[in-house]
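Q: Below is one structure. I have some questions about it.
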């Protein structure tokens with residue numbers, strides 16, 4: 001077999017082409033590393049917080065809840081953690097830790113045996129630590145509490161909420177600073193009432209809007225229109241009528 005020419009060798013071992021190919025591979029791997037880096041970092045933060053909770057409060061049961069637990073978190077999402085310990089009052093620790101906001105509640109351990117509506121946000125939590133089956137039992141009780149349903153509102157309470165919404169609508173139409181405040185107040189209350197008036201639990205804005213989008217898209221669109229910055233009062237009125245069945249002149 002004859003010798004390969006110098007030109008062929010140059011084409012085969014062209015350093016510029018090799019360098020360009022190497023840059024492509026490195027860039028591709030770097031993008032992949034960036035994609036996974038936040039996940040690794042957040043898991044390390046969770047481990048650090050758990051260690052702190054055990055050292056400072058002797059927490060024996062720790063739950064991760066919210067978007068990080070249900071898989072819907074983003075890079076900027078908080079880490080929501082609930083812990084239980086032999087303490088007498090609730091302790092809260094909210095801060096920025098290694099670039100991630102953490103929001104931690106430490107509850108008296110007695111809460112594990114008597115969950116209430118306040119704790120429904122812990123449904124679907126990921127168990128990080130438990131004493132025996134303390135977390136599993138607590139979450140089962142929460143599911144039972146949720147499935148038992150919301151106690152129906154009394155007739156006078158239903159009437160009061162409808163009257164209040166109409167009153168707020170009239171006052172927000174004035175357009176002054178108090179009116180702007182009442183606009184936000186009414187819109188917030190309407191979302192909660194949207195569920196309570198149906199006899200359903202209110203589980204916060206994220207889950208509520210997801211539920212409406214899937215089960216009542218017309219009401220979801222009404223909220224979207226009313227919550228848009230600078231929305232006309234007529235949009236808020238239409239939402240109010242839809243939620244509480246109250247018609248008010250403005």
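The values are calculated or read from the model by the stated rules, or taken from the named source; none is laboratory data. Owing to the predicted nature of the structure, the values given are computational and were not obtained by experimental measurement. Positions of Cβ are generated from backbone atoms using ideal geometry, with glycine treated the same way; all protein chains shown enter the neighbour counts.
Q: Being surrounded by fewer than 17 Cβ atoms within 10 Å (Cβ to Cβ), modelled with pLDDT under 95 and closer than 14 Å to residue 236 by Cβ is the requirement here; does residue 166 meet it?
A: In short, no.
Q: Additional query: Can you pull out the residues in region 57-100 that are exposed (fewer than 15 other Cβ atoms within 10 Å of the Cβ), touching a strand residue (DSSP E or B) at 6+ places or on another chain (Cβ under 7 Å) and assigned to a strand (DSSP E or B)?
A: Those that are exposed (fewer than 15 other Cβ atoms within 10 Å of the Cβ), touching a strand residue (DSSP E or B) at 6+ places or on another chain (Cβ under 7 Å) and assigned to a strand (DSSP E or B): 92, 94, 95.
Q: Looking for whichever is under 26 Å from residue 121 (Cβ atoms) and outside any helix (DSSP H, G or I) here; the options are 230, 199. Which one fits?
A: Testing whether each residue is under 26 Å from residue 121 (Cβ atoms) and outside any helix (DSSP H, G or I) leaves just 199.
Q: Still on this structure: Provide a single number: the residues in region 179-195 that are closer than 20 Å to residue 145 by Cβ and surrounded by fewer than 17 Cβ atoms within 10 Å (Cβ to Cβ).
A: Total satisfying the criteria: 1.
Q: A follow-up question, please. Consider residue 103 against the criteria (1) at pLDDT 95 or above; (2) closer than 21 Å to residue 140 by Cα: it satisfies all of them except one. Which criterion is unmet?
A: Every listed condition holds for residue 103 apart from (2).
Q: Tell me the residue from 240, 168 that is outside the structural domain of residue 114 (by TED's automatic domain parsing), more than 30 Å from residue 63 (Cα to Cα), touching a residue at least 60 places away in the same chain (Cβ under 8 Å) and in a helix (DSSP H, G or I), please.
A: 240
Q: Quick one: would you say residue 225 is crowded, with 18+ Cβ neighbours inside 10 Å and either modelled with pLDDT under 95 or outside any loop (DSSP other than H, G, I, E, B) (or both)?
A: Judged against the criteria, residue 225 is not a match.
Q: Now for a different question. Is it the case that region 153-161 has a residue that's at pLDDT below 95, buried (at least 18 other Cβ atoms within 10 Å of the Cβ), more than 26 Å from residue 67 (Cβ to Cβ) and over 18 Å from the mean Cα position of the chain (by Cα)?
A: Yes, that holds for at least one residue.
Q: Here's another thing I want to ask about it. So, in region 119-134, how many residues would count as being under 21 Å from the mean Cα position of the chain (by Cα) and in a helix (DSSP H, G or I)?
A: 4
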